[in-house]
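Read the structure below first, then the notes.
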Ligand code: ATR
């Protein structure tokens, strides 16, 4: 049976084995998907050993996405732009690195949630690795404009420069945000994990604003609560992105696109 795995540290919390096992069941693909703990600094030898033993593909989660990027001998354009690799496979005898995070986000937003990005005025909060990982696919969905706002404005400016060839994008600090509501706000700050929200002007959101948090949990995130307090009605967390980035990895490995909504529902029920 073909073997796949996810590497991370920590790894116990990973839902990838449940997700890929559900995909394998629904598509009839025969595979086994495991989670593997690697010590920090030992990802590359562990991943090489995995492939040398016949492993067919890997997902990579924190803190190894940059190590996976450096291990890849060939990169997809979106992985190159993300500066990070979450999916590895062997292609033409070489380690091939891809990044399915941004595709997963766009797929979840447009296909599962049914929200449109084309022609929309987007605000993205944060300018770290998570945001860098989504910008190419987001811009390729043809929003009319993307503003990246970050606590450290210079990092948002750098990302805007890096991605300007893909569309209309600019960077700024939170206090520079315009005086009018956005069509969609995507939260990519890691602050929301610790229950904090950056200081945001309230006039950037209204009842028509779509709000998406890249993180997820059993309860609504602080960003989701803030969005609801500001009258937004279309609000989602990043569980769908998690399942959809996995689906894209599965497609890269198996050539089959699994259905995602039922898996999102199933994983949602298991969140505690
Ligand atoms: P990730 O992989 O989750 O993107 P990261 O690369 O460390 O992690 O990026 C973290 C992001 O969250 C950054 O945009 C960071 O802002 P700075 O670039 O100014 O550091 C943002 N962030 C983290 N803590 C924050 C806080 N308390 N308030 C506002 N933004 C915060």
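The values are calculated or read from the model by the stated rules, or taken from the named source; none is laboratory data. Everything numeric in this text was worked out from a predicted model, so none of it was measured. We place every Cβ from the backbone using ideal geometry, glycine too, and count neighbours over all the protein chains shown.
When residue 224 is tested against (1) surrounded by 19 or more Cβ atoms within 10 Å (Cβ to Cβ); (2) farther than 22 Å from residue 115 by Cβ; (3) out of contact with any helix residue (DSSP H, G or I) (no Cβ under 6 Å at 6 or more places or on another chain), only condition (2) is not met.
The residues in the stretch 22-42 that are free of Cβ contacts under 8 Å to residues at least 24 places away in the same chain and either more than 16 Å from residue 255 (Cα to Cα) or not assigned by TED's automatic domain parsing to the domain that holds residue 60 (or both) can be counted, and the count is 2. Could you grab me the full set of residues in the stretch 124-165 that are more than 13 Å from the ligand (Cβ to nearest atom), over 13 Å from the mean Cα position of the chain (by Cα) and crowded, with 24+ Cβ neighbours inside 10 Å? Passing the criteria: only 146. Once the stretch 166-182 is narrowed to residues that are within 14 Å of the ligand (Cβ to nearest atom) and in a loop (DSSP other than H, G, I, E, B), the residue that is nearest to residue 87 (Cα to Cα) is 173. Residue 170 - would you say it is surrounded by fewer than 17 Cβ atoms within 10 Å (Cβ to Cβ), at pLDDT 95 or above and under 30 Å from residue 252 (Cα atoms)? No; evaluated as a whole, the condition is false for this residue.
Checking 19, 109, 60 one by one, the residue that is under 21 Å from the mean Cα position of the chain (by Cα), within 16 Å of the ligand (Cβ to nearest atom) and surrounded by 22 or more Cβ atoms within 10 Å (Cβ to Cβ) is 60 and no other. Of the residues making up the stretch 199-211, those that are surrounded by 15 or more Cβ atoms within 10 Å (Cβ to Cβ) and either under 20 Å from the mean Cα position of the chain (by Cα) or more than 16 Å from the ligand (Cβ to nearest atom) (or both) are 205, 209, 210, 211. Evaluate the stretch 45-52: report whether one residue or more is touching a helix residue (DSSP H, G or I) at 6+ places or on another chain (Cβ under 8 Å) and surrounded by 14 or more Cβ atoms within 10 Å (Cβ to Cβ). Yes, the stretch 45-52 contains at least one residue that is touching a helix residue (DSSP H, G or I) at 6+ places or on another chain (Cβ under 8 Å) and surrounded by 14 or more Cβ atoms within 10 Å (Cβ to Cβ). For beta carbons closer than 9 Å, sequence separation of 6+ or different chains, a first residue in the stretch 180-200 that is closer than 19 Å to residue 156 by Cβ and outside the structural domain of residue 231 (by TED's automatic domain parsing) and a second that is near the ligand (Cβ under 10 Å from one of its atoms) and part of a loop (DSSP other than H, G, I, E, B), there are no qualifying pairs. Total residues in the stretch 127-152 satisfying the condition of being in contact (Cβ under 8 Å) with a residue 60 or more places away in the chain and farther than 20 Å from residue 213 by Cβ: the figure is 0. Here the condition is being closer than 30 Å to residue 271 by Cα, within 13 Å of the ligand (Cβ to nearest atom) and buried (at least 18 other Cβ atoms within 10 Å of the Cβ); of 193, 214, it holds for 214 alone. Identify, by number, the condition in (1) within 16 Å of the ligand (Cβ to nearest atom); (2) out of contact with any strand residue (DSSP E or B) (no Cβ under 7 Å at 6 or more places or on another chain); (3) within 21 Å of residue 72 (Cα to Cα) that residue 86 doesn't meet. Of (1) within 16 Å of the ligand (Cβ to nearest atom); (2) out of contact with any strand residue (DSSP E or B) (no Cβ under 7 Å at 6 or more places or on another chain); (3) within 21 Å of residue 72 (Cα to Cα), only one is false for residue 86: (2). Among the residues of the stretch 217-235, the one identified as within 16 Å of the ligand (Cβ to nearest atom), in a helix (DSSP H, G or I) and touching a strand residue (DSSP E or B) at 6+ places or on another chain (Cβ under 6 Å) is 223. For residue 122, are the conditions met, namely being closer than 16 Å to residue 248 by Cα and outside any loop (DSSP other than H, G, I, E, B)? So residue 122 fails the test.
Would you confirm whether or not the stretch 68-91 contains a residue that is in contact with a helix residue (DSSP H, G or I) (Cβ under 8 Å, 6 or more places away or on another chain), at positive phi and buried (at least 24 other Cβ atoms within 10 Å of the Cβ)? The answer is no, given that none of the residues of the stretch 68-91 is in contact with a helix residue (DSSP H, G or I) (Cβ under 8 Å, 6 or more places away or on another chain), at positive phi and buried (at least 24 other Cβ atoms within 10 Å of the Cβ).
The single condition from (1) assigned to a helix (DSSP H, G or I); (2) in contact with a helix residue (DSSP H, G or I) (Cβ under 6 Å, 6 or more places away or on another chain); (3) without any contact (Cβ under 8 Å) to a residue 40 or more places away in the chain that residue 155 fails is (2).
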